[in-house]
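The values are calculated or read from the model by the stated rules, or taken from the named source; none is laboratory data. Given the structure is predicted, the values throughout are model-derived calculations rather than measurements. Here Cβ is always computed from backbone atoms with ideal geometry, including for glycine, and neighbour counts include all displayed protein chains. Just so you know, the surface numbers come from the protein's heavy atoms only, side chains and all, with ligands and any DNA or RNA stripped out. Shrake-Rupley method; radii C 1.70, N 1.55, O 1.52, S 1.80 Å.
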Amino acid sequence: MIKHFELDEAFARRMDADDPLAHFRERFYVPGKTIYLDGNSLGLMCKDSETAVARVMEEWKTQAIGGWLEATPAWFYMAETLGAMAAKLVGAQDNEVVCSGTTTVNLHALVSTFYHPKGKRTKILADALNFPSDIYALKGQIKLKNLSVDDHLVLVPGKENNSQVLDEENIVERMTDEIAVALLPSVLYRSGQLLDMPYLTKKAHEKGIVIGFDCSHSVGAVPHRFDEWEVDFAFWCSYKYMNGGPGSPAFLYVNKKHFQKEPLLPGWFGYMKEKQFDMVLEFQHARSAGGWQISTPPVVSTAGVQGALNLLLEAGIEPIREKSIRMTEYFIYLVDHLLPADKYNITIGTPREPARRSGHVALEGDENIWRIYQALKADGIIPDFRPPNIIRFAPIALYNTYYDVWKTINRLKEIIDNKEYKDFPNDRAAIT
Ligand SMILES: *Cc1c(COP(=O)(O)O)cnc(C)c1O
């Protein structure tokens, strides 16, 4: 890993010239003259996705109902086909992953199967820093069992007051014999901290707890080894680091040791494939991750995921991770040197050890941070803002350059030095 960086633009240009993944940028549409650093919220469209969606539109036009079996790949098997592709990104067997539903729906589908309060073991363990949708869903799951949320949802707090990082030991301490299921994010969406999934899984199993992960902020950026780690279940969206498209269908993973368990948010697409069209009223679920599907797959948007997934597999998750780390290291180096903490009210909220973070860097600021963010955007630099005071920057290995990173920090410095942010209002828009 390169630890040596330099401050001048020429260095950034040299890094780009030496970058083995640089040619993938041409396969993406980068809007206008922007520096797009929001791929952890919505990945950019790649030409491969565009082609795949156009293919399905053509199949729909020319084959209509026939497309379910005659399209290539057949729509009927598309969720499983994409699952087998994504399995390579997460260290799973082909039939342990399926492309289906949405992130939050998959959480419900999986937690419905794995959460059975019994005797003393009645609680769910989660964390107070998780994406709110996951917490809303877990509260709903507890209420469905007629239990009180206050007593049955254990939320691990941040490491210190207002901190956006978790201490794994605080999580393990709360893995008591009252916990039935633990559900944690692989990566905290604000700070970008990557939790130690193998360690947490091992500890959970030692205490007899089933454990699942929401990997929305890690798949496509970080390699996973779900089978080797013996994770029980996982799910993740496809529109962040996977570049599948806005609202594109999500993925779920079920460890094969659980294939016999009954999906308790069932639907007919989870039926044993070869018998689904027998249309009998007794549900027989597929003995694979496919059993946790609910409905007919959204074929057009699934095609978008297919194109993007092909490209990810072509580049390889290990080279992607390597470049991603190098870019975030470079980002942190520039912040340390150009925006030193003793002169600027900007701090790095992301863990500094590369192994403990995913693909973005969070900068925490003072009361001017929202206006600073707007000034960056007005300049065509697109990170995103998360309340109360965080700007997240995600340099994406497949389409960002080292120059993008260099330019961003240099502009950030000018915006602060020249007080350019004063031209922007303090009130906030709905989507940032
Ligand atoms: C992005 C994200 C979601 C989004 O949920 P949807 O159901 O896809 O809208 C949920 N949880 C986490 C942790 C996320 O990062």
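Tabulated data for the structure shown
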{"quantity": "At q = 0.22 Å⁻¹, base-10 log of I(q)/I(0) for region 37-169 (Debye sum, equal scatterers on each alpha carbon)", "calculated": "-1.31"}
{"quantity": "Long-range amide H partners of VAL165 with built H, under 5 Å", "calculated": "LYS159, GLU160"}
{"quantity": "For the chain, convex hull volume per residue from C-alpha positions, Å³", "calculated": "150 Å³"}
{"quantity": "From phi via Karplus (6.51, -1.76, 1.60), per-residue ³J(HN,Hα) for region 379-394 in Hz, x at Gly/Pro", "calculated": "8, x, 9, 10, x, 9, 10, 10, x, x, 8, 10, 10, 9, 10, 10"}
{"quantity": "Sequence ranges 274-284, 30-40, 94-104, ranked by mean other-Cβ count within 10 angstrom, highest first", "calculated": "94-104, 30-40, 274-284"}
{"quantity": "Mean residue ellipticity (222 nm) of the chain, computed from DSSP H runs ≥ 4 via -39,500 (n - 2.57), nearest 500", "calculated": "-11000 deg cm²/dmol"}
{"quantity": "Computed lengthening from GLU274 to ARG14, 0.36 nm per intervening residue step minus Cα-Cα distance", "calculated": "88.1 nm"}
{"quantity": "For region 10-75: rounded, prolate or oblate by the Cα gyration tensor [a/c cutoff 1.5]", "calculated": "prolate"}
{"quantity": "Within straight-line cross-link reach of LYS202, aspartates and glutamates at Cα separation under 14 Å, skipping those fewer than 8 residues along the same chain", "calculated": "GLU168, GLU169, GLU173, ASP227, GLU228, GLU230, ASP232"}
{"quantity": "Acute angle (nearest 10 degrees) that the helix 47-63 long axis makes with the longest principal axis of the chain, alpha-carbon atoms", "calculated": "40 degrees"}
{"quantity": "Backbone HN-Hα couplings from phi across region 219-235 [Karplus 6.51/-1.76/1.60, Hz, Gly and Pro as x]", "calculated": "5, x, 10, 10, x, 10, 9, 4, 5, 4, 7, 6, 4, 6, 7, 7, 7"}
{"quantity": "Cα shape, region 374-432, gyration tensor, a/c 1.5 rule", "calculated": "oblate"}
{"quantity": "Burial order of peptide ranges 312-324, 72-84, 224-236 (average beta-carbon count within 10 Å, highest first)", "calculated": "224-236, 72-84, 312-324"}
{"quantity": "Placed amide H near ILE211: partners under 5 Å, 5+ positions off or other chain", "calculated": "ALA182, ASP232, PHE233"}
{"quantity": "Cross-link reach list, lysines versus LYS47, counting only Cα pairs under 17 Å and skipping chain neighbours closer than eight places", "calculated": "LYS240"}
{"quantity": "Table column - 3J(HN,Hα) (Hz), region 316-328, Karplus curve with 6.51, -1.76, 1.60, x for Gly and Pro", "calculated": "x, 5, 5, x, 4, 4, 4, 5, 4, 5, 4, 5, 6"}
{"quantity": "Solvent-accessible heavy-atom area per residue, rounded to whole Å², over the chain at 1.4 Å", "calculated": "42 Å²"}
{"quantity": "Lysines whose Cα lies under 26 Å from that of LYS275, excluding same-chain neighbours fewer than 8 positions away", "calculated": "LYS256, LYS257, LYS261"}
{"quantity": "Over the chain, relative contact order from alpha-carbon pairs under 8 Å, at least 6 apart, %", "calculated": "22 percent"}
{"quantity": "Ranking by accessible area, most exposed first, for SER41, SER295 with a 1.4 Å probe", "calculated": "SER295, SER41"}
{"quantity": "Ranked by how many other beta carbons lie within 10 Å on average, peptides 140-151, 254-265 from highest", "calculated": "254-265, 140-151"}
{"quantity": "Centroid-to-centroid separation of region 207-264 and region 1-53 [C-alpha atoms, Å]", "calculated": "26 Å"}
{"quantity": "Carbon + sulfur, % of accessible area of the chain - ligands and nucleic acids excluded, 1.4 Å", "calculated": "54 percent"}
